[in-house]
1. At least 2 residues that are within 10 Å of RNA strand B (Cβ to nearest atom) and either on the phi < 0 side of the Ramachandran plot or open to solvent by 10 Å² or more (accessible area, probe 1.4 Å) (or both) in each: list the strands (runs of 3 or more DSSP E) lying fully within segment A:249-312 that qualify.
2. Being over 20 Å from residue A:184 (Cα atoms), crowded, with 22+ Cβ neighbours inside 10 Å and in contact (Cβ under 8 Å) with a residue 40 or more places away in the chain is the requirement here; does residue A:227 meet it?
3. Quick test of your reading of the structure: residue A:237 fulfils all but one of (1) within 14 Å of RNA strand B (Cβ to nearest atom); (2) not in a strand (DSSP E or B). Name the failing condition by number.
4. Where in segment A:1-88 are there strands (runs of 3 or more DSSP E), lying fully within it, with 3 or more residues that are within 23 Å of the chain's Cα centre (by Cα) and modelled with pLDDT of 90 or more?
5. Hey, among A:75, A:105, which residue is in contact (Cβ under 8 Å) with a residue 40 or more places away in the chain and assigned by TED's automatic domain parsing to the domain that holds residue A:182?
6. List the residue pairs whose Cβ atoms are under 7 Å apart, where the first residue sits in segment A:161-175 and is near RNA strand B (Cβ under 8 Å from one of its atoms), the second is β-branched (Val, Ile, Thr), and the two are 6 or more positions apart or on different chains.
7. Looking at segment A:107-130 only, could you name the residues that are among the hydrophobic types (A, V, I, L, M, F, W, C) and in a strand (DSSP E or B)?
8. Just one of A:456, A:482, A:449, A:434 is out of contact with any Asp or Glu (no Cβ under 8 Å at 6 or more places or on another chain), in a loop (DSSP other than H, G, I, E, B) and loosely packed, with under 15 Cβ neighbours inside 10 Å; which is it?
Amino acid sequence: MIFIKSINDGGNRMAKNITPKEQDYSQWYLDVIRVAELADYAPVRGCMVVRPTGYSVWELIQKHFDEAFKETGHVNASFPLLIPKSFLEKEAEHVEGFAPECAVVTHAGGEELEEPLIIRPTSETVIGYMYSKWVQSWRDLPILINQWCNVMRWEKRPRLFLRTSEFLWQEGHTAHATKEEAVEETLLMLEVYRRIMADELALPVLPGEKTEGERFPGADNTYTCETMMSDKKALQAGTSHYLGQNFAKAFDIKFQNKNGEMDFAHTTSWGVSMRLIGALIMTHSDNDGLVLPPRVAPTKAVIIPISTDAAKFDEEIVPKAKELKTILNKTLCGRFVQVDTQQHLRPGDRFFFHLQRGVPLRLELGEKEFAVGKVKVVRRDTGEKMEITWEELEKRIPELLEEIQNNLFDRALKFRKENTYQAADMAQFREVLESKGGFVEVFFDGSKEDEKAIKEATGATPRCYPLEYSEERGRCFYTGKEGARKAIFAKAY
RNA sequence: CGGGAUGUAGCGCAGCCUGGUUAGCGCACCUGCUUUGGGAGCAGGGGGUCGUCGGUUCGAAUCCGACUAUCCCGACCA
């Protein structure tokens, strides 16, 4: 008789508290969030509670972006949660875009308010109002401000991390003297996003320009970082907008230029949100639970002391584990290594516990290893096991974390490439989408109405005109017009 | 907001059709013992106003209505 090991788990049993991806992707996503204790539902529809583990991931994400914002000359500030309703109405497209999803405060202090207040869905308007007070001369520009805050958009169909009514994000708002400078800022921040997502979150994103139909309400141009989830659907991971003079005109942000003439400022805004946590989950995780890239993992390695002998456990193995933890934490510059001393749980229970929570490395320190001065190290991403001496740990652990980080990125990039196809006309386009899914590269020169028609016919939307193809031109797959730019279409979250 | 489904212990479910003692099961949890290298075994135990409100009835988890929440498919979005 031949025993065949399960194909996808190296012979190990699969988690029984998680629905396999292949069976029900949405349920799998929710199961991962539940078992990894990232978030929970709040009593108010569409709102979520971010649990400590999820929030720790968010803090690391924040840290990476915040540093990059500061490196590029931005400073943080805080603007109010409540915005006068009239502010939102000053920019025609903006109000049209956001009005349907705004929550409005009508009563306060036991009385009806004279003017209803909007709970910010985004802060272009209040910030524009403030900028108009702060800007008189070209010398006052540029203004480069970011804020980390919560916003509220009353969503019809909420989904944890991806689309909740309240979410945490970051919104950068800048004002510049010239269009060139503002466009440069828009693209600079897009590149910052791409870099952080790639280097820190191991998300291979496709930076590009949004089509007219996908543009931010009130923007002249919107840029995006699009990324592919492991179900081949696209997720917009971050956006950067060139707002032209639209908000400057609506809020009277004007200044005297070098020639003594009055001019309106050019503004930008850019944001990434907690949705990135959803992106991390759907890009890297597997049927056993969460998989986190080391650079955004609150716990990068866990040391598991093992012994059947309680005295030995307490007196020899745990102290050694704590010693290794201290050394490694020093090496990793943070509190990234933990010791799991739950002796009442058997080793297997503890392995599984950390496996499900996405800890990148597991270090087993049992009597066997203790005797020879080694630990057994197991990678979360590949399941690979190795033995490392205590002396080598300080060097090898950071290396391994780096390898895992790179492997996750490479794996995701490979997946995206393998699931990206080309189509020359509508027939091919449909055929590819229906038989394969994923991203479809096409030349596209259609209108907003064409985008809508394509969506109705196929469910796919234009994700962006990737910057890397900005020079390429061809025949539009939909209208047949020549000179169309290369775009990516996909079904999206 | 349209279409569909579901709310019974932390999680997953049975019971409902055909109302009737103290509402069950698996996992998780607590105590004890035995265990311990990819989800342990035995024994004992705790935990539920059966989503909410109202109706029908002598009696409702069960029948009826409204509301609410969650999930799936659409339209909308970071």
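The values are calculated or read from the model by the stated rules, or taken from the named source; none is laboratory data. Treat the numbers as computed from the prediction; the structure is a model and nothing was measured. Don't worry about glycine lacking a Cβ; one is built from the backbone with ideal geometry, like all the others, and counts go over all protein chains shown. SASA here: full protein model, heavy atoms, side chains in, ligands and nucleic acids out. Shrake-Rupley method; radii C 1.70, N 1.55, O 1.52, S 1.80 Å.
1. Passing ranges, in order: A:266-273, A:301-306.
2. Details: over 20 Å from residue A:184 (Cα atoms): yes; crowded, with 22+ Cβ neighbours inside 10 Å: yes; in contact (Cβ under 8 Å) with a residue 40 or more places away in the chain: yes.
Here the answer is yes, as residue A:227 does meet what is asked.
3. Among (1) within 14 Å of RNA strand B (Cβ to nearest atom); (2) not in a strand (DSSP E or B), the lone unmet condition for residue A:237 is (2).
4. The qualifying strands (runs of 3 or more DSSP E) are A:48-50.
5. Residue meeting the stated conditions: A:75.
6. Close Cβ pairs (under 7 Å, with a partner that is β-branched (Val, Ile, Thr)) amount to A:161/A:277; A:167/A:151; A:169/A:151; A:169/A:272.
7. First pass over segment A:107-130, keeping only residues among the hydrophobic types (A, V, I, L, M, F, W, C): A:108, A:113, A:117-119, A:126-127, A:130.
Answer for segment A:107-130, where residues must be among the hydrophobic types (A, V, I, L, M, F, W, C) and in a strand (DSSP E or B): A:108, A:113, A:117, A:118, A:119.
8. A:482
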